[in-house]
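Take a look at the structure below.
The values are calculated or read from the model by the stated rules, or taken from the named source; none is laboratory data. A quick note: this is a predicted structure, and the numbers were derived from the prediction, not measured. Quick reminder, even Gly has a Cβ in these numbers, built from the backbone with ideal geometry, and neighbours come from all protein chains shown.
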Amino acid sequence: MREFIEEAITTMEQPPSATDQALTHEDDQSFIRRPLVRKIIYAGLILSFLMMVVVPIAVQLKDPDFQKHIEQRRVMAGMSKDQVLKAWGGPQTIHTSFTKEGLRREEWIFEDWETSAVVKHRYLYFEEGLLIGGWYEGSGERKPTDFPAESPHPKIPR
């Protein structure tokens, strides 16, 4: 037992060899710091930058006044209100607000009635007269509420 303890103490006092240090360094290196992982992350960031910034600019350079988009009844970020009106016509509702910086923001709501019970909404957002984004809400079917026969209206007791 004493020999085992003395051997352990001498082993602890000896500095690790170069091969032991290299193995320990590779094992201690975190996943994110590995060269291949970092290259993949940087490539993904560059690709997302290209998709968000360069592609819309290239599309706008091909059609600077959005005439093709207007003819195809499509809207795109960067269009003016007049261009959107030419492409889609007027909205049913416009909500206007102002930011803390004093920028005018507008929300245009378009209603697409498929039947008397099914309506779909399109929302466009403008800032200082330029379209900055939008979204589409699917079918919001309106169904009549079933009330009990003994009370046709919930607020009117019989």
For residue 62, indicate whether it is modelled with pLDDT of 85 or more and either assigned by TED's automatic domain parsing to the domain that holds residue 127 or basic (Lys, Arg) (or both). no
Unique match (being modelled with pLDDT under 85, more than 24 Å from the chain's Cα centre (by Cα), under 25 Å from residue 137 (Cα atoms) and not aliphatic (A, V, I, L, M)) among 7, 114: 114
Helices (runs of 4 or more DSSP H) (entirely within the range 42-131) containing at least 1 residues that are touching a residue at least 40 places away in the same chain (Cβ under 8 Å) and more than 30 Å from residue 32 (Cβ to Cβ): 81-88
Identify all residues within the range 57-73 that are of a type outside the set (A, V, I, L, M) and surrounded by 14 or more Cβ atoms within 10 Å (Cβ to Cβ); write none if there are none. 60, 66, 69
Does the range 74-122 hold any residues that are among the β-branched types (Val, Ile, Thr), out of contact with any helix residue (DSSP H, G or I) (no Cβ under 7 Å at 6 or more places or on another chain) and surrounded by 15 or more Cβ atoms within 10 Å (Cβ to Cβ), and which are they? 84, 119
Among the residues of the range 53-85, what is the count of those that are more than 20 Å from residue 128 (Cα to Cα) and among the acidic types (Asp, Glu)? 2
